[in-house]
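Written out below as structure tokens is the structure these notes cover.
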Amino acid sequence: MARDHQERTGERRTAAEIAQRSEAGDEAATATLERHAERLARALAVVVNILDPQVIVLGGGLSNIGRLYRRLPELLAPHVFSDAVSVRIVPPKHGDSSGVRGAAWLWPPATAQSRPG
């Protein structure tokens, strides 16, 4: 997203800055977010068309952009091979670090036998 924004505007901004500027009414930042949402919708449509999930949980720092949850269902519809799109797109329950938290839960617990000494 940052690279796309820089290529289009010449401005070097982080994704968080782009989202903040969009919320403040910056048209160039809003256009960047819209391009990102359209690309993400097309990518998620592939997942929906193959797996037909009930819910998609976005992760990482970009999951903090509230605009995505408003725009994605609408942008997803033309790319899904169904009359209606029923998949819910939601933010991670435990914030943008949910993936790290989930990975920690997968780590095998230390047992008395596996501990040195």
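Some notes on this structure:
- Sparse-neighbour loop sites [GluC sites (Glu not before Pro); the stretch 33-117; at most 12 other C-beta within 10 Å; DSSP]: none
- Per-pair calculated FRET efficiency, R0 = 35 Å: residue 101 and residue 34 via Cβ, rounded to 0.05: 0.70
- Within the chain, helices built from complete DSSP H runs that reach 24 Å or longer along their own axis (Cα positions) and carry a mean Kyte-Doolittle hydropathy of 0.0 or higher are 27-51.
- The ellipsoid equivalent to the alpha-carbon distribution of the stretch 2-104 has semi-axes of 25, 18, 11 angstrom, derived from the gyration tensor eigenvalues as √(5λ) and listed largest first.
- Residues 79, 94, 5, arranged from fewest to most other Cβ atoms within 10 angstrom of their Cβ, appear as 94, 79, 5.
- Computed over the chain: relative contact order in percent, which uses C-alpha pairs under 8 Å that are six or more apart: 22
- For the stretch 80-97, the residues whose backbone nitrogen is under 17 Å from a point 7 Å from the Cα of residue 49, taken along Cα to Cβ, are 80-87.
- Within the shell of other residues whose beta carbon sits under 15 angstrom from the beta carbon of residue 57, the net charge comes to +2, with Lys and Arg scored +1 and Asp and Glu -1.
Laboratory data are not the source of any read-out in this text; all were calculated from the coordinates shown. Since we're looking at a predicted model, the values are computed, not measured. All Cβ positions, even for glycine, are placed from backbone atoms using ideal geometry, and neighbour counts span all protein chains on display.
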